[in-house]
Amino acid sequence: MKKPFTIAANWKMNLSFNESVEYATKNRDNFISLAQKKDLTLILCPSFDSLYPLNKMFTSTAVNIGAQDCSEFRKGSFTGQVSVESIHALGCTHAIIGHSERRKYNHENNKEIAKKCDQLLDLSLSPILCIGEILEEYEAGNTLKVLEDQLKPLKEIIEKHSPLELSHPMCIAYEPVWSIGTGKTANNNHIEKAFSYISQWAQTIDKRDKFQLLYGGSVNEKTIQTLCNIKELNGFLIGGASLDFQIFEKIIDCVLETP
Ligand code: PGA
């Protein structure tokens, strides 16, 4: 794996406000010492309601807090949405955009996701952009075509902000949708083909070190060892396994121990 590493924990809506605060409070010191490890950027992504207390809890520490989404609009009559300006004001450094669960349940399309990316880059927040194919597309051998379509509207947006001057690199998380929460992962060969495509795409816009390429989908203490050998990889976006601190720590240790 390529250094430096980024590990982002996506808590999704698995923890209520009280549970998020309790989990973060109980493991505050542990998260802080994890985040201090060499070459590691740690990002915790709780749901919107918990961004304020978690940012407060980790102020002036190496732990970064990210949102799980943001509005594609700057401001205005958009009931229920949360602007990048607010996320930024709370102290967040990152936001996940284009997660497959938002594409599926909120019918987000690639153009809207590109606009979210634009909003984030306007305020120098680092996007964690999620892309990946569904099972039928994987089985039909269409993965790279899906990635091409998902990345297409992003090029112009990122170019507008290039050279990217962010305090953390922009992350592109390749998450085969059929791997998320299922315990199944693609083989490294498949993932490497996707990474090689994404890496080449990224380099047509800006320097490779302005981007971190993450893998997501059933990253756990059993799958991590194999996944760590993926070429071009800079880290992981972890859902379910980030909700148990001991497992989460084991995964990070494994990442850091991989030569
Ligand atoms: P998972 O989720 O690790 O539970 O598969 C990953 C994600 O959805 O980002």
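No value in this document is a laboratory result; all are computed from the given coordinates. Note that the coordinates shown come from a computational prediction; the quantities given were computed from them, not determined experimentally. Neighbour counts run over all protein chains shown; Cβ positions are idealised from the backbone, glycine included.
If you average the C-alpha positions of segment 117-132 and of segment 13-54 separately, how far apart do those two centres end up, in angstrom?
Between the Cα centre of segment 117-132 and that of segment 13-54, the gap is 20 Å.
What's the center-to-center distance, using Cα atoms, between segment 178-197 and segment 63-95 in Å?
Taking the Cα centre of each part, segment 178-197 and segment 63-95 sit 29 Å apart.
Binning every alpha carbon pair distance of segment 59-134 at 5 Å from zero, what are the percents per bin?
3, 17, 28, 24, 16, 8, 4, 1
To the nearest µm²/s, what D does Stokes-Einstein give for the chain at 25 °C and 0.890 mPa s, using the Kirkwood radius over alpha carbon pairs as Rh?
Details: Rh = 18.2 Å.
Value of D from the Cα-based Kirkwood radius: 135 µm²/s.
Between Ala67 and residues 5 or more places away or on another chain, which pairs have amide H atoms under 5 Å apart, with H built 1.01 Å from N, and which residues are they?
HN-HN under 5 Å from Ala67: His94, Ala95, Ile96.
In whole percent, what relative contact order does the chain give with Cα contacts below 8 Å and a gap of six or more residues? Show your work: numbers first, answer last.
Values: 472 pairs, mean separation 51.3, N = 259.
In percent, rounded to a whole number, it is 20.
Please go through the residue pairs Lys12/Lys160; Lys104/Lys145; Lys3/Lys207; Lys12/Lys56 and name each one whose alpha carbons sit more than 24 Å apart in this structure. Please list the in-between numbers first.
Values: Lys12/Lys160 30 Å; Lys104/Lys145 19 Å; Lys3/Lys207 15 Å; Lys12/Lys56 20 Å.
Going by Cα-Cα distance, Lys12/Lys160 fall outside the 24 Å limit.
Rounded to the nearest 20 Debye, what is the dipole magnitude of segment 1-144 about its Cα centre when Lys and Arg each give +1 and Asp and Glu each give -1 at the C-beta?
Computed about the Cα centre, the dipole is about 500 debye.
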